[in-house]
Amino acid sequence: KAQFDQELLKSKLEIQEQTLQHISREIHDNLGQVASLIKINLNTLQLEDNSKAGDKIEYTRELVRQLITDLKLLSSTLNSDKVMKNGLTKALEFEVQRLNKTAAFESVFIQHDVVPPVEPDKAIILYRMSQEIINNSIKHSAAKHINIDVYYSGNKLTIKIADDGKGFNPAEKMKDEKNQGNGLDNLVSRAKLVNAEVQF
């Protein structure tokens, strides 16, 4: 139980850290850019030309609407507990939406069966494991597609995360990481804590 509680806390902190990194990127890459365009439009507004000024004001209104929408979406990611309260499958679906928003990946989430609620503590660890796998795909696989399929049959929940990247040899990687720690070994040990199994 002590080991589980320690991993649970670690997973929560990692989810918070990932959320903060996501928010930082969004502010820098997206919100900052839209806000700069609004500022430029307002600074270059020529009120003496009604036609041009009207077009520019309308475009600025659209940018402001976009900024407000993006801020609302961003605020929904601030609280990892809120994500988890919506359930594990919704949290995984949200990860796919984030991937698609980057435009670097085409991702699909498919829930094939009705999935009963997962205990919140277990869901947090499973969610963090899924995030870790997705991050590995992003960093190392050179993939263009990262998909998540969720199945539930015979009282067994299966989360399948697949990409079309270059792949790796799991046995060699695991052997390599025994000396370094982390990575795949970490996924296996976390799975055991929630009575799950990881297959590569």
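Per-structure values
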read-out: Radius 14 Å from Cβ of H112, net charge of other residues (Lys, Arg +1; Asp, Glu -1); value: -1
read-out: Karplus-derived HN-Hα couplings along region 156-165 (A = 6.51, B = -1.76, C = 1.60, θ = phi - 60°), whole Hz, x at Gly and Pro; value: 10, 9, 10, 10, 10, 10, 10, 10, 9, x
read-out: Helical contribution to [θ] at 222 nm, DSSP H n ≥ 4, -39,500 (n - 2.57), averaged over the chain, rounded to 500; value: -20000 deg cm²/dmol
read-out: The chain: C-alpha gyration tensor shape, a/c 1.5 cut-off, then a/b vs b/c; value: prolate
read-out: ³J(HN,Hα), Karplus 6.51/-1.76/1.60, whole Hz, each residue of region 89-105, x for Gly, Pro; value: 5, 5, 5, 5, 4, 5, 4, 5, 4, 5, 4, 5, 5, 6, 6, 8, 9
read-out: Region 86-200: equivalent-ellipsoid semi-axes (sqrt of 5 x gyration tensor eigenvalues, Cα, Å); value: 22, 20, 12
read-out: Of K101/K166; K10/K72; K1/K85; K10/K139; K72/K122; K1/K139, those spanning more than 30 Å from alpha-carbon to alpha-carbon; value: K1/K139
read-out: Most mobile listed residue (K160, K101, K90) in the chain, GNM with C-alpha springs under 10 Å; value: K101
read-out: Solvent exposure of the chain as accessible area per residue, Å², 1.4 Å probe; value: 65 Å²
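The values are calculated or read from the model by the stated rules, or taken from the named source; none is laboratory data. Here the structure is a predicted model, which is why all the values come from computation and not from measurement. Virtual Cβ from ideal backbone geometry, glycine too; neighbours counted across all protein chains shown. Just so you know, the surface numbers come from the protein's heavy atoms only, side chains and all, with ligands and any DNA or RNA stripped out. Shrake-Rupley method; radii C 1.70, N 1.55, O 1.52, S 1.80 Å.
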